[in-house]
Every structure is written in C-alpha cells, then in structure tokens.
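Here the structure is laid out as structure tokens; the discussion comes afterwards.
The values are calculated or read from the model by the stated rules, or taken from the named source; none is laboratory data. Predicted model only: the values in this text are computed from it and were never measured. Methodologically, a virtual Cβ is constructed for each residue, glycine included, from the backbone with ideal geometry; neighbour enumeration extends over all protein chains shown.
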Amino acid sequence: MKQPNNIIIVLFMGLALMGCKRYDQDYKSDFLKNKENVYPGLASNLHYYPGNLRVELVWHPSPDPTISNYVVKWNNGMDSTIVPATTQNPADSISVVIPNLKEYVYSFKLIAKDKDGNSSIGQSIDNVRVYGNAFAANLSNRPPDPAKPYVYNNDGSVSINFIKADSNNVSTVIKYTDNTGAARQKTVAAKDNSVMISDLKFGTPITYQSTYVPVKNAIDDFFVPDADDFPIIYEIAEVNKSKMTAVHLPSDVSSAYGWELPYLWDKSTNEPGFHTPGQNFPIWFTIDLGNPTELARLKLWQRTSGLYNYGNPKVFEIWGTNNPNSNGDYSGWTKLASFTSVKPSGLPTGQNSTEDANFAAQGESFTFPPGGAPVRYIRFKIFQTWGNTNYFHALEITLFAPVK
C-alpha cells in the first residue's frame, strides 16, 4: 500500500530539482551573462581638500591587484572622471583635482574598476565644500599696526608693521616704488608682523593685499578682492635745533647737578646732558621747537655711564600743543606718541652686551604715528626709567619732521 506513495514523492523531488537547475541556468544566462559577479576591493580613508572652484580628492588605494582605475562621479552621476590606479599599496595615496566646480556643497562617489570592467559597490563622501568669489568677498586685508604702522630705522630703511594675523591668513603682499622708480613688492608671512624695506621711494603710494585659506590644508589661497592703501611714508629731515628753546612752566620738573635742559639739543652726545632732581613720577619738561612742526621721528641718546640703568628713560610719552596754559596743566595738550625703550639683548639691568652698547651709541629711534598735527611746544612725560629711579637723565635728542 505504501509503495505507490513513495514513487509519487520521488517523482515530485525530481521535478523540483530539475526546476531549480533550470532557474539557476536562466539566472546565470540572463543576469550574470554566464559569469560570476565580481566586486573589486574598496579604497580607504577617502577625504578632500577644498579650493577655489575646485576640490582635491585623496584616498588610500585598495590592495586588490586587479584594479586598473577609479571612477569619480558627482552631480548625481552626470559628471565623472577616470583616475588610473598607479599603486595598490594602501600606505600610498592617490589623488585627483576636480576643476570647474561651482561654489557649492557636493557629494562624490568613488568606484574601483578592475581590468575586466567589474565595478566595486562604491563609496561616497558628502558635504564637500567648494569655495569661490562669495567667500573671497567677505575677506579683509590684514590691518597695519594702528599705533606704529611703520618705523624709520637708523640705516635709512623703514619697517612696515601689521597686527597679529588671523588664524587663516597666509600672507600679505606689499607693493611699492623703489628709489629708482621701479615697481617692487614684498610679502609678509602670517607668522611675521613686520617687513623691512630698504629701497623705498619716499612719498610714493604703498598698497597691501592679503591672502587667506578657508580651512587648513586648502589647495588654494584666496586674495582679498581689493588692495588697501598704506599710509604714505615721507622722507624726513632734522628739526632745526638752533630754534629750540627751554620752556619752564609751573608744573615742569627742574634741572640738577648743572645738567641743564638745553644740553639735550646742543649737538653733542657727550656729557653733560639733562638731569632732573629726585621727584615722584611721572615728571615732565617742555621744549619750544620755534615753529609748529609735524613730528615723524625722535632719536634719543642715553647717558652712557649708566647704560640701560639709573635715570635713562624706559617708558615715556610725547605731548604737543600750540598754546600751552601758563599754569602748566595739560589743558590744550594732545598726546602725540607713547614710547618704550628697547634693550636688544634683553639682559637684566646692569648687564649689557656689545649689541646693546652699539645700539645705544647710534641713538635709539622712535617713530611717531603718521598724520599728527603740527605743534610748536612738546612735552616729555617720563613714567619709568631703566633703573626705576625717581629722576631722569639723557644726553641728547634729535627730532625729525616729514618732508612733504
């Protein structure tokens, strides 16, 4: 009784096996083209560096030795480029720069292909930012130092000074005319705050234009769209010392030890100079220049027997007016500059290097901010000396005015 049932079961199993085999053959024929489906290996660490209307894609290649190239696709696959697989060493990098993009956020897909045309499943990198004119339009040039945009140096050169650079600043290009009339340029790196120009033609225009990167490791620098004008730097000439006279206003400090105020401009850097008695700081004294004068530079010679010590000035201000009040107060006076003396070696008080001595022997140079109003009377206001004393001394001063 059971035998016919067993025969029927065997027949059904046979038919099922034949059906599966037929389906397998059809699948291979219709969908796999009688080939096994092969997926090349994936690349790793796909990343990017943005640029100006372009981007650089970088990845570590797959170790799969069959890979012959990589296809990069973007704009939903409407645009693509082929990159040869120059290495299969995952420690190496392969890169490609995609140009002619828009200022936009993109998605890219990287597909590996082998020599038989098989494709990997692909890998994507999203939120790829591309920069352009809109980014550059929001940039501004690195500003000059407002307190000291430039300095006249003893060797006839000038130093142009800038404030600390923004973290994304790369450089600032300075364009000027040299003393032969030729166009020149110098570049100030972001890490530097000044640049020296030894061949400037005084009184001629100077411009500056900065470059930035949108992010660290960007492949392009972006210039600020327009250059800005730097303050004009004029040639300078000594103020006539023969017209300078001492003024003694009620609040002014007096002299001591026979070192009188007029010795400060007697054209001698030898002793005596000007010395004050002991008195609570700040102290000040007044000089008549003879004529209203726009000041550009001051040179001051310390007392060499106490170099960077005793009563030699360290922190002081220069004030100016054309009409000093007879009571000696500061009404009508304008602060022209704040200065701090610098010791090149930085050694402690009482220790001086040869560099310190040579620097002081030339007269220390101080530059006034440009565009100051002409004044006839100036006032030295002393806040601190190198020896932290309650008196001041110096041997000589020379003042300079711009020649316009």
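GLU271 - would you say it is charged (D, E, K, R), over 24 Å from ASN153 (Cβ atoms), touching a Pro at 6+ places or on another chain (Cβ under 9 Å) and assigned by TED's automatic domain parsing to the domain that holds ILE382?
Working: charged (D, E, K, R): yes; over 24 Å from ASN153 (Cβ atoms): yes; touching a Pro at 6+ places or on another chain (Cβ under 9 Å): no; assigned by TED's automatic domain parsing to the domain that holds ILE382: yes.
Taking the combined requirement at face value, the residue does not satisfy it.
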Just to be sure, is ILE125 in contact (Cβ under 8 Å) with a residue 60 or more places away in the chain, at negative phi, β-branched (Val, Ile, Thr) and touching a Leu at 6+ places or on another chain (Cβ under 7 Å)? yes
So, in segment 171-205, exactly how many residues are more than 19 Å from the chain's Cα centre (by Cα) and among the basic types (Lys, Arg)? 2
Of these, ASP228, ASP288, which one is surrounded by fewer than 17 Cβ atoms within 10 Å (Cβ to Cβ), at pLDDT 95 or above, in contact with a strand residue (DSSP E or B) (Cβ under 7 Å, 6 or more places away or on another chain) and under 30 Å from PHE135 (Cα atoms)? ASP228
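Which members of segment 275-312 meet the condition of being under 25 Å from ASN153 (Cα atoms), more than 32 Å from the chain's Cα centre (by Cα) and not in a loop (DSSP other than H, G, I, E, B)?
Filtering segment 275-312 down to residues under 25 Å from ASN153 (Cα atoms) leaves 287, 289, 292-309, 311-312.
Of the ones still in play, those that are also more than 32 Å from the chain's Cα centre (by Cα) are 287, 289, 292-293, 301-309, 311-312.
Matches in segment 275-312: ILE287, LEU289, PRO292, THR293, TRP301, THR304, SER305, GLY306.
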Yes or no: segment 135-144 includes at least one residue that is outside the structural domain of SER171 (by TED's automatic domain parsing), surrounded by 16 or more Cβ atoms within 10 Å (Cβ to Cβ) and in a strand (DSSP E or B). no
Checking SER167 against (1) of a type outside the set (Asp, Glu); (2) outside any strand (DSSP E or B); (3) touching a residue at least 12 places away in the same chain (Cβ under 8 Å), which test does it fail? (3)
Quick one: what pairs do we get from segment 346-371, first residue among the β-branched types (Val, Ile, Thr), second not in a helix (DSSP H, G or I), C-beta under 6 Å, 6+ apart or different chains? THR349/ASN309; THR367/VAL151; THR367/TYR152; THR367/ARG297
